[in-house]
Amino acid sequence: MKSVALFSLFLFCVGANANSQIKGEKVEINVRELGSPGSVWPQPQHYSSTTQTYAVVAEAFQFVYSSTSHKCDLLTEAFKRYETLIYNNVATIKLKYFPRDVASIKTLEVDLMSPCEDYPSDHMKESYALDVADKASLTSDTVWGILRGLETFSQLLWASDSNQVVVNKTNIIDYPRYAFRGVMIDTARHYLPLNAILQTLDAMSYNKFNVLHWHIVDDQSFPYVSDVYPDLSIKGAYDDRTHIYTREDIAAVIEFARLRGIRVIPEFDSPGHSTSWGKGQPGLLTPCYSNGKPDGTFGPINPTLNSTYTFVKNLFGDVKQVFHDNYIHLGGDEVQFNCWQSNPNITKWMSDKNITGDYSKLEQVYIQNVIDISETIGYSYIVWQEVIDNGVKVQSDTVVEVWKNNHPDQEVAKVTAMGLRAIVSAPWYLNIISYGQDWHKYYQYDPSNFNGTAEQKALVMGGEACIWGEYVDATNLSPRLWPRASAVAERLWSAESVNDVDAAYPRLDQQRCRMIRRGIPAQPLYIGFCPHEWKNY
Amino acid sequence: MQFHVLFCLAVMVLAVNANRQPGQFSDDSYSALGNEIPLLGDTSPGSVWPKPQMQTSSPMVYEVAVQKFVFTYASTSHKCDLTEEAFKRYEMLIYNTASQLKLQFRPRAVPSLTTLTVNLMSACEEYPSLHMNESYSLEIGDSALLTAPSVWGVLRGLETFSQLMWQTDTNQVLMNKTSILDFPRYAHRGILLDSSRHYLPMEAILHNLEAMAYNKINVFHWHIVDDQSFPFVSRTYPDLSGKGAYNPSTHIYTPENVAEIIEFGRLRGIRVVPEFDTPGHSQSWGKGQSGLLTPCYSNGKPDGTFGPIDPTVNSTYTFVEGLFTEVKSVFHDQYIHLGGDEVSFNCWKSNPDITKWMALQNITGDYATLESVYIQQILDISASVGYSYIVWQEVIDNGVKVKNDTVVEVWINNKPDEELAKVTAKGYRALLAAPWYLDYISTGEDWQKYYLYEPSNFNGTDAQKQLLMGGEACLWGEYVDGTNVTPRLWPRASAVAERLWSAEDVNDVEEATPRLNQHRCRMIRRGIPAEPLRPGYCTHEWKNI
């Protein structure tokens, strides 16, 4: 009797998927094709799934610890989130009929094999094993792996045409290809309200991203509220009451991210990209001269004054207290020399130091100092590629971010040949938009495709999808980021061989509809529809 | 005394703006991105988009009593249900402007405005049309008066009035002494949305009709069906959506849905012109109407695929007449858009029945004529149903004979000025869409090129220029659905809105930028997630996430 019910359900499912099954033909339980409903994004490393399905009791589904499992506050929170997500799959829909006697799953047993950890880090382990059969179990060495496995489990569920929530018999062993899988947001060109950042973190967790690179300040505005230098945001924010991030705001972001296994790395980019800093910190920026007089404009941070380094040290000390991660991004990109060249005090100082005319060297002096300060404070650091291109001596644990889209493979080869670790963002500037399916090119860029030894390849830590803020704010952030960043997510998580755009399309399309269902307005890949369209106006 | 207070206030306002002036923090490293400094405050607050034809404002200000502001009719005014509804909407908008704000202190003795007196000079009209009069005059002084010869002008004037309000840093809502005389440059100012490549939920359409009203757009060109899906529910041919919609229960527009959209548009003075594009772009039609599309042949046999509508069988025309008769009863506007673009001949060429029919008609090999035969019949059917019609330019390019009152829409972005010259030289009225395909996206301030395209800039006589009815911003749906339609459309379509409403000489991007930025922030405040122009901020950012 039970097998008959299962048999009918199976017939039904296949009919819905392929339309090719002939009624009454002998049916076998088969390996499922990728792209069938309930497919996972990013694609797990090892995945086998059959056409046998179980009914999921979505309205009462529970996660439980195995008897041997460690327990963890992170997981308690995650269980609640995913129980709600699973419940929401059925909350708004009516079951059209209820197939009888289908084997059902009411719980997922979670086995966390080592003690709880507090914060995600650059060396967290994210591997997990998931087995969905007559019993469903999720096993991992770490809480981070459990988080990734819960996300995978939630994606395995799908609603049949009769609105029954089902899951296929599935076995997964999974782990990320790269340890650093980031999304960069920019809150200086446009301020992003807190809920826009939290929504982004939610979407990141649906795509197994694990780093939020927060480009928090830049030329245009300084929304970071510093306890040590309050004038920075008072005078440098777009609006010092409404367009700021207080210590509490940032703590909320970090906690929200922590619960999802996402690190938050702030970027305080200097000595360029710092115009807004000067508003609240007189004497920090270099006064530019025209016709022998200061002309009222300012250039990069002035590297020739001791006061500069006292300021940076105090600011970074403050930052270290607020942001938990061991890494800070120091920027160091696009430093213009014009203003330094115009300033007679800079010229004199350089002459005293015997570096007359060598502005790269001047930049190097600054960066070297800032790096030393960061080390003193206890920070590891990431820098944009120019720091290395300009020959600054950096610590061996420095991470270099390759962003210039001019032979980034050669740059990665160069950086790793120096023994430095690298992350790649050059091919993934999602703020650059064009007509059509640009996700193809993001998907097909392989970060390991450069001339280098196996040791060098191992130094590539991962990459980032960057959405710079010149033309992006809360009105368009989410649809511009998703599902385009999802393409990057799979490139960084899944095996190198998972690179076929046609095979990815139906899975990615499902992932976009899934994100919409979960409250993320992910834009279309191409013509088509989602069963539940975006209606949140 | 009163003068003194006013004077101080005016000085204060100027000072507020001056403080926000950019300048001393310029950095050439970002010059490529243009002005990186917040735009807010760069222009007089309370500026109007699209820019009125004639406006004078003085630094003298009035306080708008937002909590109790009302619109009233002048004693001689006609009354109208449309204006009643509009009064409610704008009272709400004005109230909302201040409802979340605390007044920080209250300057004394500023003259206040509590009412706008509305004088509608002619009888109420029911539906907006191509011939509606949208002119109005607006006087803001010790009293405030809006006068218009038609209800449509009153609607436009109310929108303008609502845009004149601005807030001080102390959250006081003010309005400058202002005098405006305004009217549109072009009568047809449209936006095309495509609900076939992706279904647009009702909420998305209504939401964008509101944004259209904020930009004085007056036509919603609804490209409702196409190859990909047929969401229009026909009572005569229910299988069209039953089999042609993405989902026949959730991804459809019932006659009630359509009526709601038309009513929502009507209340805002926006026409709803549906497009039923044939004989190409009709794959989805074939699913619910067998025998309509041309079966394509391979190796002498039907290969299971279909081409354009079959123009050689009588059943086609019976069907079209039945469908269009129903469409006419559902959509109120005098116009239908008949499409007629991008007809591919391959399938017709492969089909032996078509070949035979063409031989009998002595048009062997002349597929353009075959297309003309179809279009001609469709035009005749539309005329007999009582419709005036718009067609895409191919219909004229292919030499189809059309009625004199046909409107030809120029969309191919290859010398659209020459096409306009050609179409108007033949005496037809024209619409321009070619420069305003907003589905084509790129990084940067593409609104500038939309803004700077001058539709009248073609070789032609004054009489020809008169035949240009306006234009449309088109947001085709291949990559657009409810998730991104609004930020992709606004404020880029606002650039087109000003081009079509305001005077020809209002074409300075630098002057327009701060006004457009203000307008984007205003849209955000009103619930429209209009995307940024360039780095900067809005006092109230989008938070409806």
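Nothing in this text is a laboratory measurement; each read-out follows from the coordinates by a stated rule. All values derive from a computational prediction rather than experimental measurement. All Cβ positions, even for glycine, are placed from backbone atoms using ideal geometry, and neighbour counts span all protein chains on display.
Numbers for the structure displayed
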{"quantity": "Estimated 222 nm signal from helices in chain B, with DSSP H stretches of n ≥ 4 weighted -39500 (n - 2.57), rounded to 500", "calculated": "-11000 deg cm²/dmol"}
{"quantity": "Using alpha-carbon coordinates, inclination of helix A:306-322 to the longest axis of chain A, degrees", "calculated": "20"}
{"quantity": "Nonlocal amide H pairs with residue B:277, under 5 Å, H built at 1.01 Å", "calculated": "B:225"}
{"quantity": "C-alpha long axis of helix B:255-267 to longest principal axis of chain B, angle in °", "calculated": "40"}
{"quantity": "Sum of side-chain charges, residue A:70 neighbourhood, beta-carbon under 13 Å (Lys, Arg +1; Asp, Glu -1)", "calculated": "-3"}
{"quantity": "Nearest-0.05 FRET efficiency for residue B:466 and residue B:329, computed from C-beta distance (R0 45 Å)", "calculated": "0.85"}
{"quantity": "Calculated from backbone phi, Karplus (6.51, -1.76, 1.60) coupling profile of region B:451-466 in Hz, x at Gly/Pro", "calculated": "5, 8, 6, 9, x, 7, 7, 9, 6, x, 6, 4, 4, 5, 4, 4"}
{"quantity": "Per residue convex hull volume, Cα atoms of region B:117-172, in Å³", "calculated": "89"}
{"quantity": "Length gained when the stretch residue A:102-residue A:435 is fully extended (0.36 nm per residue, less Cα-Cα span)", "calculated": "115.2 nm"}
{"quantity": "Cα→Cβ-extended label distance, 7 Å offset, between residue A:410 and residue A:501, nm", "calculated": "2.5"}
{"quantity": "Length released on extending from residue A:71 to residue A:255, taking residue separation times 0.36 nm less the Cα-Cα span", "calculated": "64.4 nm"}
{"quantity": "Charge tally in the Cβ shell below 15 Å around residue B:312, where Lys, Arg are +1 and Asp, Glu are -1, residue B:312 excluded", "calculated": "-2"}
{"quantity": "Crossing angle, helix A:143-156 versus chain A [Cα axis fit, 0-90 degrees, rounded to tens]", "calculated": "50"}
{"quantity": "For residue A:381, residues with placed amide H under 5 Å, excluding near neighbours", "calculated": "A:328, A:399"}
{"quantity": "Lysine pair count for region A:180-493 [Cα-Cα under 24 Å; pairs on different chains or 8 or more apart]", "calculated": "29"}
{"quantity": "Shielding score for A:189-196, defined as the mean number of other chain Cβ atoms within 10 Å", "calculated": "5"}
{"quantity": "Value at 222 nm in deg cm²/dmol, rounded to 500, when DSSP H runs of n ≥ 4 in chain A each add -39,500 (n - 2.57)", "calculated": "-11000 deg cm²/dmol"}
{"quantity": "Calculated FRET value between residue A:341 and residue B:511, using beta carbons and R₀ = 35 Å, to 0.05", "calculated": "0.50"}
{"quantity": "Residue-wise HN-Hα coupling along region A:295-304, computed from phi with Karplus coefficients 6.51, -1.76, 1.60 (Hz; x: Gly, Pro)", "calculated": "9, x, 9, 10, x, x, 3, 7, x, 9"}
{"quantity": "Straight-distance crosslink candidates among aspartates and glutamates, where the alpha carbon sits under 13 Å from residue B:287 and sequence neighbours closer than 8 are dropped", "calculated": "B:226, B:227, B:239"}
{"quantity": "Karplus-derived HN-Hα couplings along region B:182-192 (A = 6.51, B = -1.76, C = 1.60, θ = phi - 60°), whole Hz, x at Gly and Pro", "calculated": "9, 6, x, 6, 10, 7, 10, 10, x, 10, 9"}
{"quantity": "Inter-site label distance for residue B:114 and residue A:376 at 7 Å from Cα along Cβ, in nm", "calculated": "6.6"}
{"quantity": "Backbone N within region B:48-78 under 13 Å of label point (7 Å from residue B:143 Cα along the Cβ vector)", "calculated": "B:72-77"}
{"quantity": "Protection-proxy order for peptides A:226-233, B:332-339, each taking the mean of Cβ atoms within 10 Å per residue, highest first", "calculated": "B:332-339, A:226-233"}
{"quantity": "Signed unit charges on C-beta, dipole axis of region A:306-388, positive-most listed residue A:322, A:380, A:337", "calculated": "A:337"}
{"quantity": "Inter-site label distance for residue B:298 and residue A:535 at 7 Å from Cα along Cβ, in nm", "calculated": "4.0"}
{"quantity": "Packing-based exposure ordering (other Cβ within 10 Å, fewest first) of B:312, A:187", "calculated": "B:312, A:187"}
{"quantity": "Segments A:299-308, B:434-443 sorted - mean Cβ within 10 Å per residue, highest first", "calculated": "A:299-308, B:434-443"}
{"quantity": "Under 12 Å, Cβ to Cβ, from residue A:511 - net charge with Lys/Arg +1 and Asp/Glu -1", "calculated": "+4"}
